[in-house]
Amino acid sequence: MAKELTQKAAWDRVLAKLKKNSLWMLHYCTGCGAIELPPTMTARYDMERFGIMPMVTPRQADILLITGYLSVKTLKRVILVYEQMQAPKYVVGFGSCTINGGMYWDSYSTIKSLDQYLPVEMYLAGCMPRPEAIIKGFSWLIDRVGKGEANSWRDYYENYEFYRKNQEELFGGPIQSYQDIPADAQKFGILEARQ
Amino acid sequence: MLTSMLLILPLAGFLTSLAAAWIVPASSKARASGAVQKIIAGIGFAALFVFAFLAKSEIGTGYLGIPLFGLWLNFGLTQLSWYFVAMVAGISLVTVLFSLQGLRDDGRYPFYYIWLFSKTFGMLGVLLSADMLTFFIMWEVMSWCTYFLLQQGHEKAKRAGAGYLVYAVTAGMILLAGLLYVYFNVGSFDFRTIQKAFSGFGAGRIIVAMLLVLVPMLIEAAAYPVHWWLPSAYANAETGISAYLAAISTRIGIYGMTMFLFAGFGLTALNLVTANKYVSANEVLMIIGAFTMVVPTFTALFQHDAKELMTWHSIGQGGYMIVGIASSTTLGIAGGLFHVFNHMTYVSLILFSIAAVEYRTGTTNLNKLGGLIKKQPVAYLGLLFGIIGLAGIPPMNGFVSKWLIYRALILSGHPFIALAAFIATLGTILSVYKLIHNMFLGQLPERYNDIKEVGWGMRLPIIFMMAVVWLTGAFPGTVLAVVADIQQSLGLERVAYSVHGVAAEMGQLNMLVINIVFIGGLFVSWLIYLAGGKRKHIGQYDNYAAGHFLDKSIPYNYNYNFYAGMEHIFERLLHKPPVKRAEQALATFVSGTSEYVCRIFTGNITTYSAYVVAAVVVILLVLGGGR
Amino acid sequence: MSVLSIVVWIIAYPLIIFCIGVLLGGYERKFSARVERRIGPSWIQPFYDVIKLMSKKTNVSHGYMHDVAILMLLGGTMLTLYFVPVPGFSYFSQFGDFLVISYLLLIPSLGMALGVGETANPNGSIGISRALQMLAGYEVPFILTFIGVAMKEQTTSMLDIIRVQQAGGFWAWGLIAHPLLGVAALIALQGMLNEKPFEVIVAPHEIATGPMTEMGGKYLGIMFIQHLIAVPLELTLYINLFLGGASNWLEYLVKLFVLWTALISVNMVFGRFRVDSAVKFMWKISLPLAALGVIGIMLNIA
Ligand code: SF4
């Protein structure tokens, strides 16, 4: 048994090393920070050299990039999109707005802290963060994925009540969702894989 | 003996079920009457099937003569006609079995089985005719039976049936002219005498005779410029009937064509015509065939009704047979004849599946259906196997015959006809995908949420035809053996077949290897698939809509105007199809100028029957007197 | 060939082609990156992508057809692969000629079309509609070029066509002997490989990657594997028909990369056609070229 586990662990380690070279990103560009992404992707900073590519639909993506402030209405969409993504999936909060509300800290219609509603893997501070910061942040994320430490997505399955409670409080009632997260956690064996 | 049973059985079935319809009052016990009809039909067609296969032993020897007004109607069984007889018997049995449940007992089709018997009788009569006069008379009988079969049901079907009649009568008249032309030139209706006489004739007379007999055959086979009767006629018939007609009835024209080309007038006559340096007869036929393949197939692309789409394909597939047979090469003839069988299997399969959907949803409108795969998986699989066959994709049987035809065309130096065949195949793929997508894939409309799969009475015929389509694809040699015998009996070279394909000396095709490698490929893919993580099935509303919540109130589907790009390309052609316009002009002219022509279409069956009887009697008297 | 070597080849062949596909795919991305003055990803980036996709923890599908379709996609491609001769391995080519191959190539398309249809996403359906229209666009000239070659050599077998070209040396190569056919097929090949200007199917900005819209995890992974096999497969078809086949693996690889470079260079400098324009381009430019070539061959034979 112990041997099997170590074999599996070794295999996971190899996989993680390979997986870190390919991260596809779905950018949710409602905030102003999105303007920093084109230079990050194109010749000047060339994000693709890390294997990071923009993708179009949530099914294909690994990273959900939230570029800035989220109004309550758009958060609903973000949650839908996040739940449609395939695990492992990483939420990246981009810009101060996602961290503490940023310059919208006293707005009635935006959310203040993204990690209350979705499991955030990494924040990129700044208003807005420069491409250098983005590249730096992504390198850090890649390292974490390579070490198998980027596990924030498990949190959503494990502490779903917490997120669900926050979401419902914010929206003021039960929310619309296609997914049955606890059942999924059972089905895909996400909870026991943790031990 | 067995041969005569082939004619007696359907006739007896016809009379018995007609009598049953008289005896059992339709008004009060419509259901009981239906049951009686079903039993008679089931037994009758099952017996016919058995006899058709037993009759194989009588090929070349079976003979039946019926005296009629001092003339003899001669019937006999040849290798070629047995092939078609077997197909007629087989497909009519499957159709009847399907109809037992597939036809609702709502009294809309009180004469369904009766006309089915009569139609089968007509077709078998044509197939068994051993001389030209018999052929003509049975041809007329068959046309009228087709008409009666077609004009059941709603008003549209009646009108379409009348449309068919115009073409059928025209075909009959031309055939009569051909008959008389041959008779006055040769002095006999017997094919052997005709052959002997024709081998001494010049090309001119042969060409005239050929034209006069081939044109009716092409009309019946719905070849390109004379195909307009078919779509509306078949698409408005009951779906079981459409399946039956599209599968085999139209192909009687192909039988007639093959028979007259290779057997009727003899190979010497044929060679004389084909050897012509400037316009060789078979190239003309091949060009007709090429148009028949391409034009209807691309017309099918833009249909919005499943049955109509399929009937256009039924025309288009006829083009392959015409091209193959007209190519006059060993491979081509084998391909053409084999294609008749393949086409019969997959077209009936497709139409059965459509019928299964129509049975539950009540519509065949491609813009209204969708997502039914979750509700009717068997019908879906039936349609899937059928369209793979129709598109001629391995491993189904349609591929083998198409392969033979392509190879024949390429090697005999007809690159552009081969290209036409390929273009038609591509058009087929496009339109059959539209068919299966709009019916079974995409979003399931809310109103179909609680429909169920059809009963086993309809499922089993579908499953059986699926098996046939696949197995004759994996082992085409089973059918090619018969085809090779036909070629031999016609005095042509036999196609070199093996059980699972075509033997090396005539190319290289091994369907069994293709099947095995395919299954192997699927297996390896399955292993790769298993290597990935677990999967979960999700509902149709959990879907990418750029962050929008989908529910039943939102139609989120793409099926209307499915090939917008193609429509754009063919825009000008589509909206003014030249043949249709010419036909309409003709129809306006005819109905405008002649009161009498209008009066034919009174919709009164007695008038029609009177016409038939009168026509047949007059012809018989004239000819009988002549003798 | 001995039974053992056939078995070894059967196992090794798809793997080798997959590796070549990975290199070709990585090369394409590196190449376009260098053209755009970027550094670009790793040379084996497609391999990482596949591994990443296959090791996704959760996968969703819209039903059994969606699952089976993905198998049909890959299985059909592997089936086709075995019938395409490469240097050293042509065992299965004796059971099916080029006509078989061109039809087998339709199985993956059909499989994908069915699976995408079941995902019930209009973007996917539009993508398939476009894919099939493109199919009608490029297959017509491509098959006509093949018909021309086959008519010239009086055979439909790929092995025979390669043999004729290799016997005649450089001047017997299809591209040299029938340049019109060669060029027409080259244009068609560009469409077949879904490279610009014929890249209408995926179109991320219009229809959310079309057929791939609802594909994620291992479903997308298998689609990627299929793509990586299909690219060298289709290039090999062209090499066998028009570039004299190959007598050894070095020659084969060189031809593969040269041809691929030519195609992706064209890809780099074009935008995208609209679907009907793409089809029209095929039918108006490529098809007449092929037709002229075929007429030339007919006149030569007569
Ligand atoms: S963090 Fe700054 S740049 Fe980003 S969305 Fe907020 S205000 Fe805009």
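The stretch B:431-470 and the stretch B:177-237 have Cα centres separated by 40 Å.
DSSP assigns beta bridges within the stretch A:2-153; of those with both partners inside it, close to 5 percent run antiparallel. Counting protein heavy atoms only, the protein assembly as shown has 66 percent of its accessible area on carbon and sulfur, 1.4 angstrom probe. Remark: for residue pairs A:165/A:187; C:30/C:218; B:552/C:56, the C-alpha separation exceeds 28 Å in B:552/C:56. Rolling a 1.4 Å probe over the protein heavy atoms gives the stretch B:289-530 an accessible area of 25 Å² per residue. Our note on the geometry: Cα centres of the stretch B:523-563 and the stretch B:318-346, 40 Å apart. Scanning chain A for long hydrophobic helices, with DSSP H runs required to stretch 20 angstrom or more by C-alpha along their axis and to average at least 0.0 on the Kyte-Doolittle scale, returns A:131-147. Among the lysines in the stretch A:2-153, how many pairs, 8 or more places apart or on different chains, have alpha carbons under 28 Å apart? The number of close lysine pairs in the stretch A:2-153 is 27.
The mean number of Cβ atoms from other chains found within 10 Å of a Cβ in peptide A:84-92 is 4, as a whole number.
For the stretch B:220-262, just say rounded, prolate or oblate: build the C-alpha gyration tensor, square-root its eigenvalues into a ≥ b ≥ c, call rounded for a/c under 1.5, and beyond that prolate if a/b exceeds b/c, oblate if not. Since a/c reaches 1.5 but b/c is at least a/b, the shape of the stretch B:220-262 is classed as oblate. Can you work out the PRE-style zone for residue B:552? Point 7 Å along Cα to Cβ, and I want the residues of the stretch B:413-448 with backbone N under 11 Å. Taking a point 7 Å out along Cα→Cβ of residue B:552, the residues of the stretch B:413-448 whose backbone N falls under 11 Å are B:445-448.
In percent, rounded to a whole number, the relative contact order of chain C is 26, using alpha-carbon pairs under 8 Å and six or more apart.
Taking all protein chains together, A:127, B:145 sort by accessible area into A:127, B:145, largest first [probe 1.4 Å]. Each peptide in C:23-34, B:412-423 gets a packing score, the mean of other Cβ atoms within 10 Å over its residues, and the list from highest to lowest is B:412-423, C:23-34.
If only the Cβ of Lys and Arg carry +1 and only the Cβ of Asp and Glu carry -1, the dipole of the stretch B:410-502 around its Cα centre is close to 100 debye.
For the peptides A:82-89, A:144-151, the ranking by packing is A:82-89, A:144-151, with the highest mean count of neighbouring Cβ atoms within 10 Å listed first.
Other residues with beta-carbon under 13 Å from the beta-carbon of residue B:248 carry, at +1 per Lys or Arg and -1 per Asp or Glu, a net charge of +1. Computed per residue of the protein assembly as shown from DSSP H runs no shorter than four, each worth -39500 (n - 2.57), the mean residue ellipticity at 222 nm is -21500 deg cm²/dmol.
Averaged over the residues of B:407-413, the number of partner chain Cβ atoms lying within 10 Å of the residue Cβ comes to 4.
Computed from Cα positions, the angle between helix C:122-153 and the longest principal axis of chain C comes to roughly 10 degrees. First select every other residue whose beta carbon is under 14 angstrom from the beta carbon of residue B:330; then total the charges, Lys and Arg +1, Asp and Glu -1. For residues surrounding residue B:330, the net value is -1. For chain C, find the longest principal axis of its Cα atoms and tell me its angle to the long axis of helix C:106-118, 0 to 90°, nearest 10. That works out to roughly 20 degrees. Which angle from 0 to 90°, rounded to the nearest 10, does the C-alpha axis of helix C:64-83 make with the longest principal axis of chain C? The two axes meet at around 20 degrees. Taking a ≥ b ≥ c as the square roots of the eigenvalues of the Cα gyration tensor, chain A is classed as oblate, since a/c reaches at least 1.5 and a/b does not exceed b/c. Length available on full extension from residue B:57 to residue B:561: 0.36 nm per residue minus the Cα-Cα distance, which gives 176.2 nm. Bridges between two residues of the protein assembly as shown, per DSSP, are antiparallel at a rate of about 45%.
Let me know the shape class of the stretch C:1-125, please: from the alpha-carbon gyration tensor, a ≥ b ≥ c as square roots of the eigenvalues, rounded when a/c is under 1.5, otherwise prolate if a/b is greater than b/c, or oblate. The shape class here is oblate. Counts of other chain beta carbons within 10 angstrom of each beta carbon in peptide B:248-256 average 0. Nearest 0.05, what FRET efficiency do residue C:292 and residue C:268 give at R0 = 25 Å with Cβ-Cβ as r? Working from the Cβ atoms, E equals 0.30.
Computed with a 1.4 Å probe over protein heavy atoms only, the accessible area of residue B:407 comes to about 30 Å². Diffusion coefficient (Stokes-Einstein, Kirkwood radius over C-alpha pairs, 20 °C, 1.002 mPa s) for the stretch B:289-530: 116 µm²/s, rounded to a whole number.
Annotation: amide H of residue B:68 within the under-5 Å range of B:73, sequence separation 5 or more or interchain, hydrogens built in the peptide plane. Take every pair of alpha-carbon atoms less than 8 Å apart whose residues are at least six positions apart; their mean separation over the length of chain B yields a relative contact order of 11 percent. Considering only alpha-carbon pairs that sit under 8 angstrom and 6 or more positions apart, the relative contact order computed for chain A is 20 percent.
State, in square angstrom and to the nearest 100, the accessible area buried between chains C and B, both chains counted, probe radius 1.4 Å. Looking at C and B, the buried total is near 6500 Å². Averaged over residues, the count of other Cβ atoms within 10 Å places the peptides B:150-157, A:171-178, A:182-189, B:163-170 in the sequence B:163-170, B:150-157, A:182-189, A:171-178, highest first.
The values are calculated or read from the model by the stated rules, or taken from the named source; none is laboratory data. Just so it is clear, the model here is predicted, and its values are computed rather than measured. We place every Cβ from the backbone using ideal geometry, glycine too, and count neighbours over all the protein chains shown. Just the protein is used for accessible areas: all its heavy atoms, side chains included, with ligands, DNA and RNA removed. Shrake-Rupley method; radii C 1.70, N 1.55, O 1.52, S 1.80 Å.
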